[in-house]
Structures are given as structure tokens and as C-alpha cells.
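Presented below is the structure to which this report refers.
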Amino acid sequence: MDAATTKRYHLWEWRTIIVLMIGYALFYFVRKNLSMAIPAMEAELGLSKVQLGIFMTLNGVIYGASRFVNGMLVDRFSRRKIMSLGLLLSCIVNFIIAFSPKMNGFMHLLDSEGKATMGLVYLIGSLWLVNGYLQGMGVPPCVSLLSHWVRPKELPTKQAIWNTSHSVGAGLVLLLCGFLLKRFGYSAWNLCFIVPAAIALVGVPVIFFGVKDDPSLVGLPPVDKMDDADGKPASSEKPLSKALQDRIMVKMVFANPILWTIALANFCMNVIRGTILDWGGTFLVQDKGLEISMAGTVMGSCELIGGILGMLVSGWVTDKFFAHRAHRTCLICMVMTTICFTLFWGCTGLVPAIIFLILSAFFIYGPQALYGTCASMQSTKYAAGTGNGVIGILGYLSTFISGIWFGAIADSAFGWNRVYVLTICFGILGSIIIALIWKVPATGYGKVNKIIEEWNETH
């Protein structure tokens with residue numbers, strides 16, 4: 001490939017990565033803002049944790065289903081249009097939630113004391129469920145665009161870089177909402193929806209005009225065929241027929257045992273991740289005796305150290321030491337997470353407990369980032385959205401275990417010890433499952449190219 005083409009490719013590649021990082025971080029602005037607004041909404045509107053918790057759980061399930069549906073859509077339609085539309089509509093939903101009490105004249109939403117009636121509870125809850133679907137329009141376009149713009153041999157590192165947008169977006173919106181509530185008080189809870197949504201709106205044109213769906217749209221060759229034997233640009237690939245696209249989707253996703261193995265391992269990983277991140281602060285306060293403000297600092301460290309550093313290191317290790325086989329890094333991380341969480345359970349000192357919990361988060365964020373990369377690489381760019389949709393819906397079904405079931409166990413006579421044991425069991429099971437594909441190739445391009453060649457020979 002000549003120098004000019006190489007330079008132009010790298011410019012477009014990094015432009016795509018940066019725009020997607022900004023865009024997806026802004027998705028978190030209109031997603032994670034609710035968690036900071038909840039205390040104020042409880043105080044001002046009289047909403048209960050039970051009411052909000054039910055809708056938050058259903059939101060997670062709908063989000064997983066949306067990732068599956070939109071995963072199939074982005075493999076057939078414009079990725080940038082789906083992603084920008086999802087962010088736009090999510091911003092609108094947040095604005096409606098912010099001003100929903102103002103609609104009291106049209107519906108009976110507030111009682112005589114200004115507290116929420118069940119009408120307002122159902123309105124806000126239903127809007128948040130809609131937001132769950134719209135949020136599912138964020139990840140599938142990103143992973144599909146990355147698989148089209150980043151060479152397979154570089155995807156683990158560069159998709160891990162993109163993945164840090166999760167933690168960046170979540171961290172920034174939590175800080176923003178915390179500042180707004182401290183500055184204006186709980187009565188200004190609606191600012192936690194208005195301000196983040198207004199900021200996130202900026203991302204809509206950035207996404208729409210900032211990325212292209214495919215390198216061929218700017219005169220570049222496909223990334224998996226970037227160089228031929230002579231080092232010259234590869235020829236542009238022909239558009240696939242709908243029938244061939246369907247065949248690839250079936251073979252590379254629904255009938256691909258490697259992908260389903262990744263999906264099951266991802267389910268186990270999300271049980272551990274949900275347990276650590278959702279219940280970690282409660283562990284530290286109720287079981288380890290840590291003061292609540294310090295527990296918040298520790299969980300923030302889990303996000304920053306685990307969420308950002310863990311993702312970056314895991315991507316680098318995959319390309320540097322495992323020849324781009326992301327599933328091998330996932331196995332190492334799953335084993336280490338299980339060991340660290342076991343040590344967290346067993347230790348008695350506060351300092352060791354904090355260290356082992358942060359290390360658990362550090363290692364669990366490796367597979368959290370890389371299982372999506374595994375799905376993209378195994379299903380290839382032709383079905384990356386659908387492949388990630390499959391592992392996404394299974395991953396978010398794990399909330400029934402880490403959330404509802406583990407919460408019920410913790411409230412029972414068994415207490416947190418039973419939760420620890422079950423979490424460790426899922427870590428062992430997830431490690432065994434992902435170990436089954438240790439020897440498989442880094443990508444599925446060899447298989448998909450064979451499917452295309454056979455199709456062309458017979459049609």
C-alpha cells in the first residue's frame with residue numbers, strides 16, 4: 001500500500017475511533033444520570049427505591065434486547081444514522097422526564113403535597129424503558145464501524161481504547177450531576193436530565209457527519225484486504241447480495257459454536273462484573289465495615305483503575321503476547337478475577353480487602369472490553385453487529401442473577417457469604433467455558449472468505 005493511501009487510512013481510522021469515543025461517552029450522559037438523580041427524586045417526588053429499582057431492572061433487559069435487534073440492523077443499514085438517531089431520541093426522552101411533573105394539568109401526576117402519584121411513577125418508568133431501547137442503538141454501530149475501519153490484527157488494542165469511553169462518560173456525568181445537586185439542591189433534580197441531555201445533543205451532528213460507514217466511501221480498500229502480496233492497495237470488494245448476507249449471518253453467528261461459547265462466557269463474566277460494581281459498595285460497608293464515603297471512593301477507583309487501565313492493558317496484552325487472540329486474554333483475566341475476588345472474601349483487613357476488590361475490577365474489565373472484540377473478530381465485519389447483539393442480550397440477562405437473585409440471597413439467612421461463593425463459582429465456570437476455545441484462530445475471516453468463495457462458485 002502506497003504512503004499516501006496509508007496516511008489517509010490512518011487519518012480516517014483515528015477520526016472514526018475518536019468520534020465514536022466522544023459519541024458513546026455522550027450516550028452515558030443520558031443513561032447514567034439517573035443513578036445520581038435518584039436520591040433527589042426520592043426526596044422531592046417521594047419515589048421509592050423499589051419503584052425505581054423495578055424499572056431499572058427492566059431497563060437492563062430491554063437494553064440487552066435492543067442491542068440484539070440493532071445488532072442485526074447495523075449489519076444491513078447505515079451505522080452512523082442508527083447511532084446518531086439513537087442519541088438524539090435518548091436526549092429527547094431525558095428532556096421529557098425532566099419536565100414530566102409540569103404535565104400535571106393534563107394528567108394526575110402530583111398529589112396535593114406535590115409528591116408523585118402512581119401516574120408519574122409509570123410515566124417516568126415507561127420513559128426510562130424507552131430510553132433503554134434507545135441506548136441499545138449505541139454499542140452495535142460502534143463495534144460494527146470499528147470492525148470496518150480497524151485491521152483485525154489491531155482490533156483488540158483499538159477497540160479497548162474505544163471501550164474506555166464507557167468509564168469516561170459515566171465518570172463525567174456522575175461528577176456533573178453531583179455538582180448540579182450540590183449547587184442547586186435536590187429541588188433541581190430535573191437538571192440532572194436537562195444539562196446532560198443538552199450536552200449530549202452536541203454529539204448527534206458529530207456522529208452523523210464525523211464518520212463514514214465503510215472505507216470504500218472515501219476510496220479506501222477494505223481493512224481485512226488492505227494489502228495484497230505486492231503491498232499495493234487491494235481492490236474494492238463487491239457489495240454482498242441479501243441472500244449471501246443472510247448466509248454469512250447464519251454461519252458466522254447463529255450456527256457458530258465459537259460465538260455461542262463466547263456468549264456463555266460473557267454471561268458468567270457479567271454476573272461477576274455486576275456483583276462487584278453493583279454490590280461492591282454494600283460489601284465494603286456491611287461486610288467489611290468501611291465508612292460509606294470511603295466506600296464510594298473505593299468504587300470510584302474500581303471504575304477508573306479497572307475501567308480504563310484494565311481495558312487498555314488487556315487490549316495491549318492481546319496484540320503483544322497472544323497474537324490478537326482476545327479469547328486467551330479473557331481466560332487469563334477471568335482466572336485472575338476469580339482469585340482476587342476469593343482473596344477479597346477471605347481477607348480480614350480493610351486495606352487488603354480494598355486492594356483485592358480494585359484488582360478484581362481491574363481484571364474483570366479486561367473481558368468486559370474484549371468479549372465484544374472476540375465477537376467482532378469471530379463473526380467478522382459482515383456480521384459484527386449481530387454477533388455483539390447475541391452476546392449482549394445474554395450478558396444483560398445476567399442482571400437477574402447478580403441483581404435480583406443475589407440481592408434476595410443477601411437479605412436471607414445465608415447473607416453475603418453465599419453470594420461470594422456463587423460469584424466465585426461463576427468465575428470458575430466462565431473460565432472453563434472460554435478455555436474450550438483456546439486453540440481457535442484469532443478471527444473468522446478464513447471461514448467467511450470460504451463461504452463467499454463457495455457462494456460465488458455456485459451462483
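The values are calculated or read from the model by the stated rules, or taken from the named source; none is laboratory data. For clarity, every value in this text was computed on a predicted model and none was experimentally measured. Here the Cβ is made from the backbone with ideal geometry for all residues, glycine too, and neighbour counts use every protein chain on show.
Computed values, structure above
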{"quantity": "All helices (runs of 4 or more DSSP H) inside segment 131-232 with 2 or more residues being within 27 Å of residue 391 (Cβ to Cβ) and in contact (Cβ under 8 Å) with a residue 40 or more places away in the chain", "calculated": "139-149, 155-184, 203-210"}
{"quantity": "Every residue from segment 399-440 that is surrounded by fewer than 18 Cβ atoms within 10 Å (Cβ to Cβ), of a type in the set (A, V, I, L, M) and not in a helix (DSSP H, G or I)", "calculated": "413, 436, 440"}
{"quantity": "Selection count, segment 60-74, where residues are hydroxyl-bearing (Ser, Thr, Tyr) and at pLDDT below 90", "calculated": "1"}
{"quantity": "Residue pairs meeting the criteria (Cβ under 9 Å; at least 6 apart or on separate chains; first within 19 Å of residue 59 (Cα to Cα), in segment 19-32; second among the aromatic types (Phe, Trp, Tyr))", "calculated": "24/162; 30/193; 31/63"}
{"quantity": "Test for residue 380: is it on the phi > 0 side of the Ramachandran plot, in contact (Cβ under 8 Å) with a residue 12 or more places away in the chain and either β-branched (Val, Ile, Thr) or buried (at least 21 other Cβ atoms within 10 Å of the Cβ) (or both)", "calculated": "yes"}
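This table checks each residue for (1) assigned to a helix (DSSP H, G or I); (2) surrounded by 24 or more Cβ atoms within 10 Å (Cβ to Cβ); (3) at pLDDT below 85.
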{"residue": "290", "(1), (2), (3)": "no, no, yes"}
{"residue": "293", "(1), (2), (3)": "yes, no, yes"}
{"residue": "296", "(1), (2), (3)": "yes, no, yes"}
{"residue": "299", "(1), (2), (3)": "yes, no, yes"}
{"residue": "304", "(1), (2), (3)": "yes, no, yes"}
{"residue": "318", "(1), (2), (3)": "yes, yes, no"}
{"residue": "329", "(1), (2), (3)": "yes, yes, no"}
